[in-house]
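A quick write-up on the structure given underneath.
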Protein chains: 2
Amino acid sequence: MKKVDILIIGAGPAGMVAATTAKKYYPNKSIAIIKSIKAGCIPCGIPYMFSSLKDPSDNKLKTDALEKKGVEVFIDEVISIDSEEKKVKTKDSKEYGYQKLIFAIGSDPIVPSIEGIDKEGVFPIYKDMGYLKEAIAQIKKKKKVLVIGGGFIGVEFADEISNIDGIDVSLVEMLPHLLLNSFDQEFSQLAEDKLKKKGVNIITGARVEKIIGDKNVKEVKLSDGRIVQAEGVVLGIGARPNIKIAKTANLNLDPRGGIAVDEYMRTSNPDIFAVGDCSCKRDFFTRKTVPVMLASTATAEARVAGANLYKIKVVRENKGTIAVYSTYIDGLVLSSAGLTEKNAKEEGFEIITGEVQGVDKHPGTLPGAQKSRVKLVFSKQSGIILGGQVSCGMACAQLINLVGVAIQKRMSATELETLQMATHPYLTSSPTKYPVVLAAQEAVKK
Amino acid sequence: MKKVDILIIGAGPAGMVAATTAKKYYPNKSIAIIKSIKAGCIPCGIPYMFSSLKDPSDNKLKTDALEKKGVEVFIDEVISIDSEEKKVKTKDSKEYGYQKLIFAIGSDPIVPSIEGIDKEGVFPIYKDMGYLKEAIAQIKKKKKVLVIGGGFIGVEFADEISNIDGIDVSLVEMLPHLLLNSFDQEFSQLAEDKLKKKGVNIITGARVEKIIGDKNVKEVKLSDGRIVQAEGVVLGIGARPNIKIAKTANLNLDPRGGIAVDEYMRTSNPDIFAVGDCSCKRDFFTRKTVPVMLASTATAEARVAGANLYKIKVVRENKGTIAVYSTYIDGLVLSSAGLTEKNAKEEGFEIITGEVQGVDKHPGTLPGAQKSRVKLVFSKQSGIILGGQVSCGMACAQLINLVGVAIQKRMSATELETLQMATHPYLTSSPTKYPVVLAAQEAVKK
């Protein structure tokens, strides 16, 4: 049996960052990763393998840098864990002993149990380079492709596939608008307008009921009776935490999602940590379990775990997850952090919002200037920021991370109103109209 | 004599924002602005009038929106203030009475007393549309242009003028590198490389000693004896607070710069406020007077003054100025906030730095990806962030504002290390390499 000090299962962003962080904080400990996929992918880059990247292989997630740093990487699959003996067993019948074990085994794409889902031409998104290259090659040969799911993954797939000459793209979402989990309707509308302009056929408020065809899919029947022609179907519905082997370690699981962890990413077993999609996330404000599966969240968790494996070295300030992310649709950036107006109301918050529209450069006649829109949500009495949504061009893409910091530091509307910030003609709206400041001011005035 | 409740002198960004903020917080008060220039300019847009903007007039600072909101605008020049009687006198021999007076009269460009400085072809930058249109038209006819001053204004002028076909541009700076007031040398180097690549002749470590020619400038003699050919000279040296009429109001002045103010922008007279370039700025960390003249700082101050004219309505959290700004050189963004490593050491701070280099998209093979570099400076014992410098492409331009918020909230390196942030292939570096987080981690490890 091979023995290592720190054993990590999974080599996605969470596993890789857990390894590099552990290496930084505990340079004398031996570290190994076991990964089941020979060549993985940068998860958020998968949509861009269709057309933006010249070669889909450019999106490979490489482990070379880890190995150079002295992290051993084994391609194999862990099938069970003996948490008493502190060892794992693999498919190749090997055993690895550990002092500290980190679960970073990610999630599996949801494959709904629809009639015909197993027909050829239907593609769930597995983060496996070999599988994806083949799937993309297949899809590129189709004339009509349907993307199922109008969250940000589905939206990005629809955008990218619609760049390919000769493919007609449809996108189906069961909610009344796209992106509704992270955006209020006025922002969803911007995404819909952009995709429609590119010729994407958007169908909202309908579920897929049946996938029809012989060997290969031919058409898809929706819950409202409509039939959509499609020889290719991409599933962009989401994913479920991979918890299969966690059960063999007798770890506490959250009934709604993932391996239960505390704020240092420790599971119910003091020597086992879990980070990324496989671990349970709690909302920053409501403390409820939330299905946030973002590589950025995963890496933030991996840094906390990696640093604190043996001692609490890096005190964690923020105990909950704020879903902070950006999506990009053909030059339009849509970003969200924290609670939307709708979500905040549903959760029982009494809120005020501030919203401003403008241009993301100044003067707005500079080349490349785009419309911008910022909406902030505040708690009415306490004045604390609960969330923000941004739409703009590339230059203000990081604006949501500023909003994210404001949320994590629980800043008030008046603090944001008097914020000092940099402005520049090419990079931001004018200092007289800096949108985060103005939106905060709007809210204060209400 | 015309009487108004709130009288503002100056209609630059500071004056305009003071007016709109006052209107929001005190809707029943009458507000008037007196401005001496008929058509002003968006100050930070001035460099882009040379080539980026199709028509220089696009950079006009318009007061229409103010007037629509009920703010009266008078074109005239205030020549003296009677702070006992609470009234001002103008060049047109008019008098205006006020309850509250706001100085927002900005700064004057520094015109050094060099021999030959008054020759034709030498252009100080006055924020006057008529003057600038004429100056730009003149400069466009030249073959060799020298920009004096290698701060961000001079650098942006050199970049823009070098876009014009047929003009050779030289840039002279007395310090050993460009941009040294806000950047450490490794960042200055990036600006120098970019400009050199565009063919700009960069001369550092030399002062202009003499401007030579007949009626028009022909060449410029430097302190090291070199002669630079130039029929056009642009002064990008900086500006001095305009305090002439403040003296008539018997306001306390700071010996090093501007009208003395407290954190609510109140002068020594309780009914007179001063905001923007004409008011004195104190550094956030050292509390020393600093010559920060940025439209973004000015508007932040104007918001504080406008809201608090009659009552303290918006409590100001941050009592000092952090110089947070971005500059843009032909697609390269350089941004800075707070103290540089060099400045921090000179001020006696014991520091640790963290620095990372990477790419601003992921994978780095996506179209438009550029190198990124982030350096953070922390106080060694307290771990608090003191400053940050960023170089990247457009997409991460707002990153410096995140650093600015971190400074204003006095965040620690470990807080930044565990930050939750959004990443996206087109918009940021990968979540495993988010530069602010990694730079903080580097610093913590030291």
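The values are calculated or read from the model by the stated rules, or taken from the named source; none is laboratory data. Source: prediction; values computed, not measured. Glycine gets a Cβ as well: all are built from the backbone with ideal geometry, and neighbour counts include every protein chain shown.
Looking only at region A:241-258, decide whether some residue is of a type in the set (A, V, I, L, M, F, W, C) and under 20 Å from residue B:420 (Cβ atoms).
no
This table checks each residue for (1) in contact with an Asp or Glu (Cβ under 8 Å, 6 or more places away or on another chain); (2) aliphatic (A, V, I, L, M); (3) in the same structural domain as residue A:83 (by TED's automatic domain parsing); (4) crowded, with 20+ Cβ neighbours inside 10 Å.
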{"site": "A:134", "(1), (2), (3), (4)": "no, no, no, no"}
{"site": "A:153", "(1), (2), (3), (4)": "no, yes, no, yes"}
{"site": "A:160", "(1), (2), (3), (4)": "no, no, no, yes"}
{"site": "A:165", "(1), (2), (3), (4)": "no, no, no, no"}
{"site": "A:175", "(1), (2), (3), (4)": "no, yes, no, no"}
{"site": "A:188", "(1), (2), (3), (4)": "no, no, no, yes"}
{"site": "A:197", "(1), (2), (3), (4)": "no, no, no, no"}
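Could you list all residues from region B:41-58 that are closer than 16 Å to residue B:299 by Cα, touching a residue at least 40 places away in the same chain (Cβ under 8 Å) and not hydrophobic (A, V, I, L, M, F, W, C)?
Selection gives B:43 alone.
Among the candidates A:135, A:191, A:158, which residue alone is in contact with a Phe, Trp or Tyr (Cβ under 6 Å, 6 or more places away or on another chain), at pLDDT 95 or above and of a type outside the set (Asp, Glu)?
A:135
State all residues of region B:223-282 that are β-branched (Val, Ile, Thr) and either closer than 20 Å to residue B:6 by Cβ or at pLDDT below 95 (or both); if no residue qualifies, say none.
Scanning region B:223-282 gives B:237, B:243, B:245, B:248, B:259, B:261, B:267, B:272, B:275.
Test of understanding: among A:20, A:63, which residue is touching a helix residue (DSSP H, G or I) at 6+ places or on another chain (Cβ under 8 Å), polar (S, T, N, Q), within 20 Å of residue A:106 (Cα to Cα) and facing another protein chain (nearest Cβ under 10 Å)?
A:20
Name the residues in region A:39-58 that are facing chain B (nearest Cβ under 10 Å), part of a loop (DSSP other than H, G, I, E, B) and either among the aliphatic types (A, V, I, L, M) or under 18 Å from residue A:236 (Cα atoms) (or both), would you?
Selection gives A:42, A:53.
Can you tell me which residue in region B:397-446 is surrounded by the fewest Cβ atoms within 10 Å (Cβ to Cβ), limited to those that are assigned to a loop (DSSP other than H, G, I, E, B), facing chain A (nearest Cβ under 9 Å) and among the polar types (S, T, N, Q)?
B:418
Being surrounded by 13 or more Cβ atoms within 10 Å (Cβ to Cβ), hydrophobic (A, V, I, L, M, F, W, C) and not in a strand (DSSP E or B) is the filter; apply it to region B:59-90 and report the residue that is nearest to the chain's Cα centre (by Cα).
B:66
Tell me the residue from A:79, A:6, A:75 that is touching a Lys or Arg at 6+ places or on another chain (Cβ under 8 Å), more than 14 Å from chain B (Cβ to nearest Cβ) and free of Cβ contacts under 8 Å to residues at least 60 places away in the same chain, please.
Within the list A:79, A:6, A:75, the selection yields A:75.
Which condition number does residue B:275 fail, the rest of (1) more than 14 Å from chain A (Cβ to nearest Cβ); (2) over 28 Å from residue B:162 (Cβ atoms) being met?
All conditions are met except number (1).
Given A:27, A:13, which one is surrounded by 24 or more Cβ atoms within 10 Å (Cβ to Cβ) and within 11 Å of chain B (Cβ to nearest Cβ)?
The unique qualifying residue is A:13.
Residues that are in contact (Cβ under 8 Å) with a residue 60 or more places away in the chain: list the strands (runs of 3 or more DSSP E) wholly contained in region B:155-266 that include at least 1 such residues.
Passing ranges, in order: B:168-173, B:208-213, B:217-222, B:227-229, B:232-235, B:239-241.
If you go through region A:96-142, how many residues are among the small types (Gly, Ala, Ser), free of Cβ contacts under 8 Å to residues at least 40 places away in the same chain and assigned to a loop (DSSP other than H, G, I, E, B)?
Counting residues in region A:96-142 that are among the small types (Gly, Ala, Ser), free of Cβ contacts under 8 Å to residues at least 40 places away in the same chain and assigned to a loop (DSSP other than H, G, I, E, B) gives 1.
So that you can scan it fast, the table gives a plain yes or no per residue for (1) at pLDDT below 95; (2) farther than 30 Å from residue B:445 by Cβ:
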{"position": "A:25", "(1), (2)": "yes, no"}
{"position": "A:28", "(1), (2)": "no, no"}
{"position": "A:37", "(1), (2)": "yes, yes"}
{"position": "A:43", "(1), (2)": "yes, no"}
{"position": "A:53", "(1), (2)": "yes, yes"}
